[in-house]
1. What order do you get for B:314-321, B:104-111, A:37-44 when each peptide is scored by the mean count of other beta carbon atoms within 10 Å, highest first?
2. When the expected Rg is taken as 2.2 N^0.38 Å, what fraction or multiple of it is the alpha-carbon Rg of the stretch B:2-91?
3. Restricting to chain B, what percent of DSSP beta bridges are antiparallel, rounded to 5?
4. Rg to Rh for the stretch B:72-183: what is it, with Cα atoms only and Rh by Kirkwood?
5. List, in order, the whole-Hz ³J(HN,Hα) value for each residue of the stretch B:57-62 obtained from phi through the Karplus relation with A = 6.51, B = -1.76, C = 1.60 and θ = phi - 60°; use x for Gly and Pro.
6. With θ taken as phi - 60° and the coefficients 6.51, -1.76 and 1.60, list the Karplus ³J(HN,Hα) couplings across the stretch B:391-406 in order, rounded to whole Hz; mark glycine and proline as x.
7. Would you pull out the residues with amide H under 5 Å of A:ILE8's amide H, same chain only if 5 or more places away, H placed 1.01 Å from N?
8. In debye, nearest 20, what is the charge dipole magnitude of the stretch B:2-91 about its Cα centre with +1 on Lys and Arg Cβ and -1 on Asp and Glu Cβ, if you could check?
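Values quoted throughout were computed directly from the atomic coordinates according to the rules given, and no laboratory measurement underlies them. None of the values given here were measured: they were computed from a predicted structure. Cβ placement follows ideal geometry from the backbone for every residue including glycine, while neighbour counts extend to all protein chains displayed.
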Amino acid sequence: MRYVTLTIDGKKAVVPASYTILQAAEEVGIEIPALCYDPDLEIVGACRLCLVEIEGNPKLHTSCSMAVTDGMVVHTESEKVVHARKMVLQLLLDNHPNDCLTCQKAGECLLQKYAYMYDVKFREHDGAYKPEYTDTSSPYILKDEAKCILCHKCVRICEQVADRQVLTFANRGFETKVAFDADMSIEESSCVSCNRCVTICPVGALLDKRLMGKTRIWDGEVTEFKCKSCEYGCDFEVLSKNGKNVAVRAKSPGEGRPLCLKGRLTSEFLNLDDPETPYIKEDGKFIEASWEKALEIEGILDKLDKMDSKDAEQC
Amino acid sequence: MKLIVGQGSCGIAAGASKAYKILEEEIKNSGANIKLGSTGCIGMCYLEPIVDFIDDDGKKTTFVKVDEEIAKQIVKDIVASKVDSNENVISDEDKEALAKQKRISLRNCGIIDPENIDEYIESGGYKAIERCIKEMTPEEVIEEVKVSGLRGRGGAGFPTWFKFNAARQSPGTEKYLVCNADEGDPGAFMDRSVLEGDPHALIEGMIIAGYAIGASEGIIYVRAEYPLAIKRLNIAMAQAEERGYLNKDLFGEGKFKFSLRIKAGAGAFVCGEETALLESLEGNRGTPRPKPPFPAQKGYWGKPTNINNVETFANVPFILANGGDAFAAVGTEDSKGTKVFALAGKIKKGGLVEVPMGMTIREIIFGIGGGIAEDKGFKAVQMGGPSGGCIPAEFLDIPVDYASITKTGAIMGSGGMVVMDETTCMVDMAKFFLDFTCKESCGKCTPCREGTKRMLEMLEKITEGKGEPGDIEKLEELGKFINSASLCGLGQTASNPVLTTIRYFRDEYEAHINDKKCPAKQCKALLTYTIDPEKCTGCTICARNCPVEAITGTLKEPHKINPDICIKCGKCYEVCRFGAVSVE
Ligand SMILES: Cc1cc2nc3c(=O)[nH]c(=O)nc-3n(C[C@H](O)[C@H](O)[C@H](O)COP(=O)(O)O)c2cc1C
Ligand code: SF4
Ligand code: SF4
Ligand code: SF4
Ligand code: SF4
């Protein structure tokens, strides 16, 4: 592997030539803020928050997409960079509901984090906002369109599973939005409620509906565990409050696994003190289901029953 | 003897097909031995439909504005051998406007029949590719293009040889060549003119470029709104294949074979941006990708790809047939050759003109374009479409070359020139262009998606008389930010119309904001209509015409407008015969 040496905020970094500036910065302990970047997703360079200044280059460049070169001198917090970041954040806040008090995402929201970091505030204006629209058709996911910052992460993560690819963009310009299939409700769409998209949404635009109102991140404890539904084990978290396990949420897919609803329900069933009624989707409708059906163990239970009665007969 | 009808989209829109039919009938009826042919657009939109007559000695007479009657008359006059007496022979002034041009990329447009490959070959076509294959290495071809100094005509003006070379040097054996025929700049139609009028020039240019970079497959991305262009391209491609220029080992030298296909793009303006175009070609939503990597490194399906504009390609056969020096002899030090401009707006002779680089803006607008319509005063010219900027009267004498235009804050762009007269409100003009960009933003990146909307809202407020002190500074700050932080060229140039109008017409912005006045009297919300009691004769015509009964007064007494009711429709101003109504 070829290595290159560059300077980031005065620190020397020696990294593989295939690295981007953002990766190199991480290596030397410098965090560059980014909303649309994720190491597991294709680079889109959309949010423009990770802009940095490269000496000898008059333009600002996105550090998520710009490859390192030997001798490069990068500034990640120069006056020019900070000004641009504040502008990006201000434009996002200008088109975002001021709802942090009651938002389920508070405390974990990246927009909140960076707004705080760069001291950018909500302000009143009489210009346009995204229309208020929440899709409540799914028992597992809440889509709050007004909060979406169009980071593309949900679209890219859903796209990674070949037979899902549910999410796309609809419209363009200021009217751009994330759509389920051809802009259907979550219920009607082909969404399989795996919650991959929810795990990656940086704001409160896609939320785990079964978690809402139960606890927030600072309220109680969060314990990681691995799903036991199949041997791969996607990462989940159980959230507890006052000594009670109140909710389970998907954290990230396991190696080679896509995350799935069955796994999530199994995890709820096994971990929660008071699991809520499960729902499954049939013909584009969510219907209440028994735990046996939701966990797909009816056949097994039947067989066990039969074996039990046989045992009884034999006795 | 031959009659040739200009049948580009513009000619057809003006009635060229009808003229063709009449000529056909009349020739048949007269029994005269006159051949009838078609050609593309010569660029003089204001004179369409245009018909050329070539007599047996090869002398050409051009007839303009040929309607049904004139068409009949033309045949009569030919039969009677008195064509010169025809009233619709082109004027000397218009002939001169044509003579001032220098046609390289449009060399055959309006002259040869685009649907007949023999006419292209007779005019020297497919000689350049023959020379390349038989006598030159790809490196030598690139060197010739370097000598020519040709720069991309699609907008950014990047040296063409450099792009050819980057794609050639890029590792990999599978490479692609793409022609950008998306032409989304409103008002620009130079690419359409080449596609419709001389498709073989593009095809030959692409084969040469394919040979130079080592790409055996080419794709023409043409906007679906250009059906005639697509039709003629298809015809031309079939003929080129028949003659062995496409899909066959060229000239049997065992060196190179090139295939070409068309992709009709129904995309938006942003699909003309090269990386968005590639996404669209791959069947995805047409949104730009971050650069680097550039298409030369990672293009179509991740393979090295070179993308050039139609006009760029159309220049290439000329360069390879006549030598790079011949091309470089035209133009200026930094901008070689010619450029096609689409003259539009408040100009007398709108249309396409191809001129040597370095000609002054004044010469183009007044010398060739005939000056300002209705002889009004010149105010500014918008160059580069919605990505460009306005250039005020004080720069009329600068030469049109890349560096000089860029210095003004405008861009050469694809060659749009929208002329504005003294009645144009520059704030309103900036709003018009920003509205376009804002709607065409793909929505991918934050600065462009959110920022252009906020700028547009501010301009709307200003033109509605709700502007506040500080708005100009806010526009400048936001505009510069959007230009510096956006992902693609659309956002990176979106603010130019606003920034240049602020730079040159700041007083107009100030008048709107501070005095709530529109100096050009275009922004309705800022106008006040009043009746001068000295001039008013009390004829009552204004009161009777006012749609909202804002005017009161009795017969033979001065009338009065109630500003609270007036909706500023301008009706009273129009109907008053005594000039008593004034607008401020
Ligand atoms: C928003 C946008 C629209 C564009 N539209 C076109 C177009 O319609 N035709 C074109 O040739 N280039 C267009 N371009 C420029 C292309 O990205 C690219 O630079 C060009 O096709 C390269 O060809 P050239 O080097 O021959 O100029 C556009 C660029 C942007 C940013
Ligand atoms: S829950 Fe899963 S399938 Fe549904 S949209 Fe999100 S990622 Fe796609
Ligand atoms: S819903 Fe969330 S993840 Fe998807 S684009 Fe919007 S902010 Fe990003
Ligand atoms: S600058 Fe505008 S058009 Fe270009 S990627 Fe960003 S949002 Fe899309
Ligand atoms: S401008 Fe129109 S509405 Fe106003 S007074 Fe005149 S006619 Fe009436």
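1. Values: B:314-321: 27.6, B:104-111: 25.1, A:37-44: 16.6.
Listed from highest to lowest mean packing, they are B:314-321, B:104-111, A:37-44.
2. Numbers: Rg = 11.6 Å, N = 90, 2.2 N^0.38 = 12.2 Å.
Dividing the Cα Rg of the stretch B:2-91 by 2.2 N^0.38 Å gives 0.96.
3. On the way: 33 of 60 bridges.
Counting only bridges with both partners in chain B, antiparallel ones make up about 55 percent.
4. Working: Rg = 21.1 Å, Rh = 18.6 Å.
My calculation puts Rg/Rh at 1.14.
5. 3J(HN,Hα) across the stretch B:57-62, in whole Hz: 8, x, 7, 9, 10, 9.
6. 10, x, 4, 4, 9, 4, 9, 6, x, 7, 9, 3, 5, 5, 5, 4
7. Close amide H contacts, sequence-distant or interchain: A:ALA13, A:VAL74.
8. On the way: 11 positive and 14 negative charges, 32 e Å.
Taking the Cα centre of the stretch B:2-91 as origin, the dipole is about 160 debye.
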